[in-house]
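The values are calculated or read from the model by the stated rules, or taken from the named source; none is laboratory data. Note that the coordinates shown come from a computational prediction; the quantities given were computed from them, not determined experimentally. Glycine gets a Cβ as well: all are built from the backbone with ideal geometry, and neighbour counts include every protein chain shown.
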Amino acid sequence: MSTAQVTRLNVMKPWLGADEVAAVTEVIESGWVAQGPKVAAFERAFAETMQAGDAVAVSNCTTALHLALVVAGIGPGDDVVVPSFSFIATSNAPTYVGARPVFADVDAATGNVTAGTLAAALTPATRAVIIVDQGGVPVELGPIRALCDPKGIVVIEDAACGAGSSYDGRPVGAGAELATWSFHPRKILTTGEGGMLTTSNPEWAARARRLREHSMSVSAADRHASLVSPAEEYGEIGFNYRMTDLQAAVGLVQLGKLAEVVERRRANAARYRELLSGVPGIRLVDDPAWGTSNFQSLWLEVAPEYPLDREALLLALAEAGISARRGIMAAHRQPAYADRDTGGAPLPITEQLTDRTLILPLFHQLTGEELERVARVIREAGER
Ligand SMILES: *Cc1c(COP(=O)(O)O)cnc(C)c1O
């Protein structure tokens, strides 16, 4: 068998083209490349698409999470309950404000925290929770708000992977007081790097807008607009978490393609499901009852009924030129958290999913033939 002749398949490939090139060219030719009119336009378009009150563009989703915690008033002495089963940024953000991340387990079907797993992890010092639309699967927000709102616990939705997913007939994040988004190429929309904070609270939006720009009272764009610029004032200690107009121009084009991208991803996820149905011990993540996923990470669980374990299946795929990826990480197992007090609740489902899952190649340009090749390897490896 000659694997050199088959094209290598990766988990993700951004879908960028001539429209993005033209948009960036226009910004370069305008002479204004930093945060300016394109960022403002991207924020308006994003807020409208996501049915959010306000959108504040930032440098990435990690900085969006940081700002979300700052505007929610979270600080030293506070606990923030988060899933360990998430990219590490979710648990790092509370540490940036001096709070303690406390890990909650997840549900086996969705990979998401639930009102039940959060309730088991709440402490008297819990002032916020960060819930994740993991891999694009919408988190069940309603019962979580019902648990947290009466206790005055702020619910922050980490929708880094969630653009184009829906909960209860609306875009994910629309029902949250604060939601954060990523435009890293591994996610559904990309601006190279980039992020967004959306919120239903106009005061939080205004403060986040200042904080991302050193808490300057006059933005650089406004200062530039007048010949004699007004004197600026720095109200509190802020950050440089700005997005550039170059990125926002790309983001506007990408946002326009979102519906098409999600439709194709969902069709391809359905095709994988069809081709892999009936393979013993293989389970693909699916839509929950309360919404639809964009399948940002189409993961499958390799159960003991399958003849290979997850590592052996990854190798079988690699031999066929397919670079699948291990599933979502578990932060509590990383050296960065091993010696910290993170609540100590048992996390059996987190450990099961992080040990047994892998993520299938799924991107806009994936051909039917390529998809069938991946499914065939999994099917045949299961019959060896
Ligand atoms: C990717 C990701 C992030 C971090 O996003 P960046 O834009 O790279 O900072 C945060 N949370 C989750 C759940 C993610 O998947």
Arg209 is checked against (1) closer than 26 Å to Glu48 by Cβ; (2) within 15 Å of the ligand (Cβ to nearest atom) and fails just one. What number does that condition carry?
(2)
Please identify the pairs in which a residue from segment 59-84 that is over 21 Å from Met196 (Cα atoms) and in the same structural domain as Val129 (by TED's automatic domain parsing) has its Cβ atom under 8 Å from the Cβ atom of a residue that is away from the ligand (no atom under 15 Å from the Cβ) and of a type in the set (Lys, Arg), counting only partners at least 6 apart or on another chain.
Asp78/Arg100; Asp78/Arg127; Asp79/Arg100; Asp79/Arg127; Ser84/Arg333
Would you check which residues across segment 142-160 are away from the ligand (no atom under 16 Å from the Cβ) and either of a type in the set (S, T, N, Q) or within 27 Å of Leu255 (Cα to Cα) (or both) and list them?
Gly142
If Arg273 satisfies every condition in (1) assigned to a helix (DSSP H, G or I); (2) touching a residue at least 12 places away in the same chain (Cβ under 8 Å); (3) touching a Ser or Thr at 6+ places or on another chain (Cβ under 8 Å) but one, which is the exception?
(3)
In segment 310-330, residues that are among the charged types (D, E, K, R) and either more than 21 Å from Leu9 (Cα to Cα) or touching a His at 6+ places or on another chain (Cβ under 9 Å) (or both) total 0
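Go through segment 165-189 and give me each residue that's hydrophobic (A, V, I, L, M, F, W, C) and in a strand (DSSP E or B). Walk me through it before giving the result.
To start, the set of residues in segment 165-189 that are hydrophobic (A, V, I, L, M, F, W, C) comprises 172, 174, 176, 178-179, 181, 183, 188-189.
Within segment 165-189, Leu178, Ala179, Trp181 qualify.
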Restricting the search to segment 124-164, which residues are among the hydrophobic types (A, V, I, L, M, F, W, C), closer than 18 Å to Pro288 by Cα and in a loop (DSSP other than H, G, I, E, B)?
Val137, Val139, Ala159, Cys161, Ala163
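Could you tell me whether any residue of segment 52-60 is in contact with a strand residue (DSSP E or B) (Cβ under 9 Å, 6 or more places away or on another chain), within 23 Å of Ile153 (Cα to Cα) and surrounded by fewer than 21 Cβ atoms within 10 Å (Cβ to Cβ)?
Our first condition is that a residue be in contact with a strand residue (DSSP E or B) (Cβ under 9 Å, 6 or more places away or on another chain); within segment 52-60, this holds for 52-60.
From the residues that got through so far, the ones that are within 23 Å of Ile153 (Cα to Cα) too are 52-56.
Right, trim to surrounded by fewer than 21 Cβ atoms within 10 Å (Cβ to Cβ) and you get 53-54.
Yes, segment 52-60 contains at least one residue that is in contact with a strand residue (DSSP E or B) (Cβ under 9 Å, 6 or more places away or on another chain), within 23 Å of Ile153 (Cα to Cα) and surrounded by fewer than 21 Cβ atoms within 10 Å (Cβ to Cβ).
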In segment 233-242, is there at least one residue being part of a loop (DSSP other than H, G, I, E, B), on the phi > 0 side of the Ramachandran plot and at pLDDT 95 or above?
no
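How many residues does segment 334-356 contain that are closer than 24 Å to Val137 by Cβ and without any contact (Cβ under 8 Å) to a residue 60 or more places away in the chain? Spell out how you get there, then give the answer.
First, the residues of segment 334-356 that are closer than 24 Å to Val137 by Cβ: 334, 337, 342-343, 345-356.
When the remaining residues are screened for being without any contact (Cβ under 8 Å) to a residue 60 or more places away in the chain, the result is 351, 355-356.
Selection size over segment 334-356: 3.
Looking at Ala163, Ala115 in this structure, which one is more than 24 Å from Pro76 (Cα to Cα) and either within 16 Å of the ligand (Cβ to nearest atom) or surrounded by 24 or more Cβ atoms within 10 Å (Cβ to Cβ) (or both)?
Answer to the check: Ala163.
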Has segment 225-246 got at least one residue that is out of contact with any strand residue (DSSP E or B) (no Cβ under 7 Å at 6 or more places or on another chain) and closer than 24 Å to Ala115 by Cβ?
no
What do you reckon, is Ala64 surrounded by 23 or more Cβ atoms within 10 Å (Cβ to Cβ), modelled with pLDDT of 95 or more and touching an Asp or Glu at 6+ places or on another chain (Cβ under 6 Å)?
no
Residue selected from segment 35-64 under the condition within 11 Å of Ala249 (Cα to Cα) and small (Gly, Ala, Ser), by the criterion farthest from the chain's Cα centre (by Cα)
Gly36
Take the residues in segment 60-86 that are part of a loop (DSSP other than H, G, I, E, B) and touching a Ser or Thr at 6+ places or on another chain (Cβ under 9 Å), then tell me which one is nearest to the ligand (Cβ to nearest atom).
Asn60
Asp286 vs. criteria among the acidic types (Asp, Glu), over 20 Å from Val82 (Cβ atoms), at pLDDT 95 or above and in contact with a strand residue (DSSP E or B) (Cβ under 7 Å, 6 or more places away or on another chain):
no
Mind telling me which of the residues Ala318, Ala336 ends up being closer than 23 Å to Arg376 by Cα, part of a helix (DSSP H, G or I) and among the small types (Gly, Ala, Ser)?
Ala318
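For segment 190-205, how many residues meet the condition of being in a loop (DSSP other than H, G, I, E, B), within 16 Å of the ligand (Cβ to nearest atom) and of a type in the set (S, T, N, Q)?
Going residue by residue through segment 190-205, those that are in a loop (DSSP other than H, G, I, E, B) are 190-194, 200-201.
With within 16 Å of the ligand (Cβ to nearest atom) added as a condition, the list becomes 190-194.
Applying the additional criterion that residues be of a type in the set (S, T, N, Q) yields 190-191.
Matching residues across segment 190-205 total 2.
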Across segment 15-51, what is the total count of residues that are surrounded by fewer than 16 Cβ atoms within 10 Å (Cβ to Cβ), in a loop (DSSP other than H, G, I, E, B) and polar (S, T, N, Q)?
1
